[in-house]
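The values are calculated or read from the model by the stated rules, or taken from the named source; none is laboratory data. From a predicted model like this one, the values you see are computed outputs, not experimental measurements. Cβ coordinates were reconstructed from backbone atoms using ideal geometry, including for glycine residues, and neighbour counts include every protein chain displayed.
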Amino acid sequence: MKCFFIDLENVKSQGLRQFSHLEKGDEVYVFFSENANTLEIPVILEIEKGEADIHFIETKSKRPNAMDFQIAAMMGIAMERHQGGEFHVVSKDLGFEAAIEFLRSHYKDMPVLVKRHESIGDALSVQDAPPVHVVAHQAPRETHPHALPHPHPHQHHAAPPSPDRQKKVLAQIKGNLDPQEEQLVLEGLAVSHNKSEFYHFFRNRLGEAHGRKIYDQVKSKYKTLRSLLAPKEN
């Protein structure tokens, strides 16, 4: 499920480009005002062809940046209601990044994606790009014998989980997944630090529908599975 929040004052009709490519169940909230209350005919035709739900919300307040604040508030309401999914602000206004960063942090344990784009089409083109594959284990770099280690905030030097730990994890999920999916769960647990990262690992590897299906089957056991795979050292 994807939600789009359109800043019509900022992006005009172009923000709704490729509306007809959205799926049934997706939601679009168009915020308009007396200064921005018209749509071009090609966009209207796209809306008529589309299957997504569309809602028009009028900003009546004359206060500065009223529409921006209302969009940010509606995003928070939608995220709390759906408890997962994709949430896209459609605006050229970089000021939305502060709200987006806050929502990402607040809902970090929830399977959500929060981003800003200049049109619906831009958001969909990013999703159509080849998936980013996460590599669970990388070989150490060759360095000069007297060189200092190269620091990297995401570099891990821990040994791969032992076969015994992997067996304990697989025992918890046995019967729900096929062998290939079980191996993906092991890899996802190894490279993620919270449920949101775990969800996006599957989404990147398998696509939204299949990835969400696997995530939903194991999400309730995430903390238990993580502790079995990589227990904290004393």
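Quick look at the values:
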quantity: Failed item in (1) over 13 Å from Leu113 (Cβ atoms); (2) touching a Lys or Arg at 6+ places or on another chain (Cβ under 9 Å); (3) assigned to a helix (DSSP H, G or I), with His193 passing the rest; calculated: (3)
quantity: From Gly95, Gly84, residue being crowded, with 16+ Cβ neighbours inside 10 Å, small (Gly, Ala, Ser) and assigned by TED's automatic domain parsing to the domain that holds Ala123; calculated: Gly84
quantity: Residue check for Leu113: in contact with a helix residue (DSSP H, G or I) (Cβ under 9 Å, 6 or more places away or on another chain) and either modelled with pLDDT of 95 or more or not assigned by TED's automatic domain parsing to the domain that holds Tyr215 (or both); calculated: yes
